[in-house]
Amino acid sequence: MSSDRLSDLPDPLLTQILSHLPIIDSVKTSVLSKRWESLWLTVSTLDLNDRDIAPPYKKLFATFIDSFLDHNFESPLLQSLKIKYDECNVNLFPISEWIATAVDLRGIHHLDVEIQNPMHVVDFTPASVYKSKTLVSLKLSHVRVRNLMEEVSLPCLRLMSLENVCYGTPLGKEGDLCVEKLISGCPVLEDLELVRKCDDMVKTLRVRSQSLKMFRLEFRSGMGGGVEIDAPGLEYMSFKDCQSDRIVVKNLNSLVMIDVDSGFNVKFGDSEDLIKSDTIRDFFTGVSSVRQMIISQPTLEILYRYSELVPVAEFQRLHHLQAAFSTSSLQLLPAFLESCPNLKNLVLDFSVSAESEQINLTNVPRCLTSTLECVEISKLIMREETGIKLVNYFLENAAVLKKLSVSFTDSPMADEDLDTYKELLTSTKRSRTCQVFIS
């Protein structure tokens, strides 16, 4: 008879395995044997998804969850509660009671709640969640956070993710205050993600935190408004806000890396050029201490459009830049590189736009003559003239370049195509140690 290796494992290890399964699958193991009958009651993660439950068994499933939460509730075994539910089924389960039990009586560390069919936004989160002494991470998606009448106190919370959340009451004006209270009530918060929706009831988003180290903001569609960021300890920021009219960033001297993908809510034909130019200038000045930057093509298009009104900020500490330039904004490249006097690594995502301009790359920025060591250019097109000019520009002017890598949209290429492209590169390399890699 072959041995049952699974049964040879100790109970704590089996429980850990069950913790990685949806609770409905964990419950099914209770019929395997007497030993397995109650193992599911000791899992550390309770993962609920009401779509996993066939309609005839939903009430029975609710009974199982009640039993789970009532079982040895003083035990510290339960660490995480994940709830995904279909909004139309919310009344079938006592969601609020389950969350309250997990937070108040079981002292969970991680709470993750998501509406899977967000036709309507529901507020079911008990007030005690915002006063938990044990929560370390809180993730809410497609839910409502109503007016927080009392102060928020989450002394252990280090990670918070709020995705498509509505704040305050539908007709109220408490949205701004709700977000402020949530952030200010987390004295050790280090990681914050905000994905905003168009009707989240927030006019001005204020992110003020002394402890925050990582911040990701996404606001793709909405009605404008403002955002203020004041985080002296911030080290990483992803800024993908295309809707805010007013943007204020300050005290970001600890910032190491930024990922910028924003159109700064600029509309073609916008008559507020001076106001927009001040906003763009102040933003990049506020993040000018970064060492690594990723900047998108839409953002560079805006910078190019406002280049006569907005002098590019000086990035003295920047040593790694990844930028998406199109042929229509490539004329900005020398000026942008001039603002990065200590740049060592440059990654260019190149694209050919329908409205290409005549490119004249003649100015040589300081970094090309003194610090730039590695250049990588991707998405080139064989025999496309501007791309060839771009590659030759670096070969001719980069004095200390060690490596130049180029790749094409139709990679991998045949050997004869590679040889043809090498013939198109007519430049004499200024850096004798530079190696060219074509793929």
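The values are calculated or read from the model by the stated rules, or taken from the named source; none is laboratory data. Being a predicted model, the structure only gives us computed values, none of them experimental. Virtual Cβ from ideal backbone geometry, glycine too; neighbours counted across all protein chains shown. Surface areas here come from the heavy atoms of the whole protein model, side chains and all, with no ligands, DNA or RNA. Shrake-Rupley method; radii C 1.70, N 1.55, O 1.52, S 1.80 Å.
Please report the equivalent ellipsoid semi-axes of the chain, computed as sqrt(5 x eigenvalue) of the Cα gyration tensor, largest first, in whole Å.
One finds semi-axes of 50, 29, 19 Å for the chain.
Along the charge dipole of segment 9-108, Cβ charges K/R +1 and D/E -1, which of LEU78, SER96, ILE17 sits furthest on the positive end?
Sorting the options by dipole projection puts first ILE17.
In whole percent, how big is the carbon plus sulfur part of the accessible area of the chain, probe 1.4 Å, protein atoms only?
52
Hey, what do the phi angles of segment 302-316 turn into as Karplus ³J(HN,Hα) couplings, whole Hz, using 6.51/-1.76/1.60 and θ = phi - 60°, x for Gly and Pro?
Karplus values, whole Hz, x for Gly and Pro: 5, 4, 5, 4, 9, 4, 6, 9, 10, x, 5, 5, 8, 10, 5.
Would you work out the Kirkwood radius for segment 275-392? I mean one over the mean of 1/r across all pairs of different Cα atoms, in Å.
Radius from the Kirkwood sum: 14.6 Å.
Where does helix 175-184 land angle-wise versus the long Cα axis of the chain, in degrees 0 to 90, nearest 10?
Compared with the principal axis, the helix lies near 90 degrees.
Using the crude model of +1 on Lys and Arg Cβ and -1 on Asp and Glu Cβ, and no other charge, please compute the dipole size for the chain relative to its Cα centre, in debye to 20.
Once rounded to the nearest 20, the dipole reads 780 debye.
Helix-only estimate, please: 222 nm mean residue ellipticity of the chain, summing -39500 (n - 2.57) across DSSP H runs of length 4 or more and dividing by its residues, to the nearest 500.
-6500 deg cm²/dmol
In degrees between 0 and 90, to the nearest 10, how far off the longest principal axis of the chain does helix 273-286 point, with axes built from Cα atoms?
In the chain, helix 273-286 runs at an angle near 70 degrees to the longest axis.
Cα-Cα over 30 Å: which of LYS203/LYS267; LYS59/LYS203; LYS276/LYS403; LYS213/LYS276; LYS28/LYS213?
Too far apart for the 30 Å limit: LYS59/LYS203; LYS276/LYS403; LYS28/LYS213.
Taking the 0 to 90 degree range and rounding to the nearest ten, how far is the long axis of helix 415-424 tilted relative to the main principal axis of the chain, both from C-alpha atoms?
Taking Cα atoms only, the helix is inclined about 50 degrees.
With a/c under 1.5 counting as rounded, go ahead and sort segment 208-356 into rounded, prolate or oblate using the C-alpha gyration tensor (a ≥ b ≥ c being the square roots of the eigenvalues; past the cut-off, prolate if a/b is larger than b/c, else oblate).
Judged from the Cα gyration tensor, segment 208-356 comes out oblate (a/c at least 1.5, b/c at or above a/b).
Translational diffusion coefficient, Stokes-Einstein: compute it for segment 287-338 using the Kirkwood radius over C-alpha pairs as Rh, at 20 °C and 1.002 mPa s, and state it as an integer in µm² s⁻¹.
Translational D for this selection: 189 µm²/s.
Counting alpha carbon pairs within less than 8 Å and at least 6 residues apart, what relative contact order, in whole percent, applies to segment 202-357?
The value is 16 percent.
Keeping all protein chains in place, calculate the accessible area per residue for the chain (probe 1.4 angstrom), answer in Å².
Accessible surface, normalised per residue, equals 48 Å².
Just need the relative contact order of the chain here, percent rounded to a whole number, with Cα pairs under 8 Å and 6+ apart.
Across the chain, relative contact order equals 6 percent.
Diagonalise the Cα gyration tensor of segment 219-260 and give the resulting equivalent ellipsoid semi-axes, square root of 5 times each eigenvalue, largest first, whole Å.
Its equivalent ellipsoid spans semi-axes of 21, 12, 6 Å.
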